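Nothing in this text is a laboratory measurement; each read-out follows from the coordinates by a stated rule. Quantities reported herein were computed from a predicted structural model and do not represent experimental measurements. Note that we place each Cβ from the backbone using ideal geometry, even for glycine, and neighbour counts take in every protein chain shown.
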Amino acid sequence: MSPSPITIELNPQERRVYDRIRSRIVAPGSGTRSGFRDLLLLLPDLTILLSRLLGDRRVPILSKVVAVGGMAYVLSPVDLVPALFFGPIGMLDDLFVVAACLSQLLNHVHPDVVRGHWSGQGDALEVIQSVTAWFEKEVRLRAGDLGRVLRGRMR
C-alpha cells in the first residue's frame, strides 16, 4: 500500500529568505545536474530542511528531539573535525550529523512532508540517501584500513 499524498502548505515568508539567497547562487530550474555550487550548498540545504521540519507540526516530538540535537551539533563551535584547522573538510562531520538526523526523521515523517520543505537540487530523499550511503561506504573503508594497520602493528 503506497502512502497517501499530503498537501504541503508552507508559509511563503519562511521559504522566501533562504530560497532567495540560494537562487542568487544557483539559478532555479537551470536543468543541469548537481554541480559544484550544489555541493557547496548541500550542508546549508540539509540544515535548512532540518530546521523547517522542526517547525512542522506533523513531525513527531521524538523526531524533533533528534533534529534539535543535529542542529545543536551544526551550530556548536566544537566539532570532531574542526573547520578552522581542516577548512571545507571540517564540514564533513556536520554534513554527516545532519544527514543522519534527516535519515532517522524519514522513518517517522511522510516523504511528501520532507520534499515540501526541500530547497535544494533534485529529490530530497535521494540526496539524503546518497549522503548517508557515501558516509557508510567511507567509514567502512577507513575502518578496514585502520584494522589492517592495527593488525600490522600487532605483528
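So what J values fall out for region 87-95 if you push phi through Karplus, 6.51 cos²θ - 1.76 cosθ + 1.60 with θ = phi - 60°, rounded to Hz, Gly and Pro as x?
x, x, 5, x, 8, 5, 5, 4, 4
What is the packing order of peptides 129-135, 116-122, 54-60, taking the mean over residues of other C-beta atoms within 10 Å and listing the highest first?
The most tightly packed comes first, giving 116-122, 129-135, 54-60.
By how many nm would the segment from I89 to R115 lengthen if fully extended, with 0.36 nm per residue of separation less the alpha-carbon distance? Display every interim value, and only then the final one.
Numbers: separation 26, 0.36 × 26 = 9.36 nm, distance 2.74 nm.
6.6 nm is the gain from fully extending I89 to R115.
Would you tally the net charge around W118, using a Cβ to Cβ cut-off of less than 10 Å, leaving W118 out, and scoring K and R as +1, D and E as -1?
Values: positive: R52, R115; negative: D45, D123.
Charge balance in the 10 Å sphere: 0.
For S76 and E138, compute 0.36 nm times the residue count separating them, minus their Cα-Cα distance, and round to one decimal in nm.
Numbers: separation 62, 0.36 × 62 = 22.32 nm, distance 2.42 nm.
Full-extension gain reported as 19.9 nm.
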